[in-house]
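**Q** There's a structure below that I have some questions on.
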Amino acid sequence: MTEEIDPTLPQVVQDFLRSGAKLQEIRLDETGRWTHEGLDFENQRVVSLFSRSVTRTDGGTWVLEIGRFTYPIVVEDTGFFVTRVHWSERPPPLELSDQTKEVLDIDSLEYRAGGRLYCSIKDGLYRARFDRKSYHSIMDFLEEESGEVVLVLGDQRKKLGHIDSVENPSI
């Protein structure tokens, strides 16, 4: 069985894949770590370039777009990570792995078992996962209320989940 080729990839990439050739795997893992054929990228400039270049085709394929170059990649969870949150400001600004900044929409926060916290970014087009540091930075703003974990920011309150489902982070 052959894998379907995303028709929204550039024609040169489609032709390459149709020829039976295989791309070397570049992967963004669930913690935000970049690898090439299973080995970590050690050059921080390459990691920063890749993090700034992540996007998705209209057909849903995750790619790196660097200039005119488009290269399909494997994304385990999400293509974007929250790297810092300025909780003291209202609404809290976020710093993202692609080196952009935007404001946190607390209504978009979503907690998943295993210590995974997400929010919507880029006008709701993407989801970003909080990295370890930003995930832990939220702790000062959490309260327990009737068995629920609640984020409290001034007069805003957002239930994140039942206390039994909130575990230590796996990231």
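Every number in this text was worked out from the coordinates using simple rules, so none of it is lab data. Keep in mind that what you see is a predicted model, and the values were worked out from it rather than measured. With ideal geometry, Cβ positions are generated from the backbone for all residues, glycine too; neighbour counts draw on all protein chains shown.
**Q** Mean separation of Cα pairs under 8 Å and 6+ residues apart, divided by the residue count of region 11-75: what relative contact order is that in percent?
**A** Values: 70 pairs, mean separation 17.5, N = 65.
Once divided by the residue count of region 11-75, the mean separation gives 27 percent.
**Q** Which residues' amide hydrogens lie under 5 Å from the amide hydrogen of VAL103, considering only partners 5 or more residues apart or on another chain, with H built in the peptide plane?
**A** So VAL103 has HN proximity to LEU94.
**Q** For ILE5 and ASP58 in the same chain, what is the full-extension length gain: residue separation times 0.36 nm, less their Cα-Cα distance, in nm? Write out the running numbers ahead of the final one.
**A** Details: separation 53, 0.36 × 53 = 19.08 nm, distance 1.27 nm.
Extending this stretch completely gives an extra 17.8 nm.
**Q** Now for a different question. Which three lengths, in whole Å and largest first, does the chain cover when its Cα atoms are put on their principal axes?
**A** Each principal axis gives a Cα extent; for the chain these are 59, 33, 30 Å.
**Q** If you don't mind, there's one more thing I want to ask. Please report, in debye to the nearest 20, how large the charge dipole of region 80-165 is about its Cα centre when each Lys and Arg carries +1 at its beta carbon and each Asp and Glu carries -1 there.
**A** On the way: 13 positive and 16 negative charges, 72 e Å.
Magnitude of the dipole: close to 340 debye.
**Q** Can you show me the helix-derived [θ] at 222 nm for the chain, built from DSSP H runs with n ≥ 4 at -39,500 (n - 2.57) apiece and divided by the number of residues, rounded to the nearest 500.
**A** Dividing the helical sum by the residues of the chain leaves -4000 deg cm²/dmol.
**Q** Given contacts defined as C-alpha pairs under 8 Å and at least six residues apart, what's the relative contact order of the chain, whole-number percent? Intermediate values should be presented prior to the final figure.
**A** On the way: 282 pairs, mean separation 25.7, N = 171.
Relative CO of the chain lands at 15 percent.
**Q** How big is the charge dipole of the chain about its Cα centre, in debye rounded to the nearest 20, if each Lys and Arg gets +1 on its Cβ and each Asp and Glu gets -1 on its Cβ? Could you put the intermediate results ahead of the total?
**A** Values: 21 positive and 31 negative charges, 99 e Å.
In debye, rounded to 20, the chain gives about 480.
**Q** Also, quick follow-up: Kirkwood Rh over Cα pairs of region 80-165 into Stokes-Einstein at 20 °C, 1.002 mPa s: D in µm²/s?
**A** Values: Rh = 13.0 Å.
Rounded, D is 165 µm²/s.
**Q** Here's something else I'd like to know. Go ahead and run the numbers for FRET between ASP40 and ASP15, Cβ-Cβ distance against an R0 of 30 Å, rounding to 0.05.
**A** In this case the efficiency is close to 0.45.
**Q** Let me ask something additional. If amide H atoms are built 1.01 Å from N in the plane of the peptide, which residues on other chains or at least 5 residues away come under 5 Å of the amide H of LEU160?
**A** The answer is VAL149, VAL150, LEU151.
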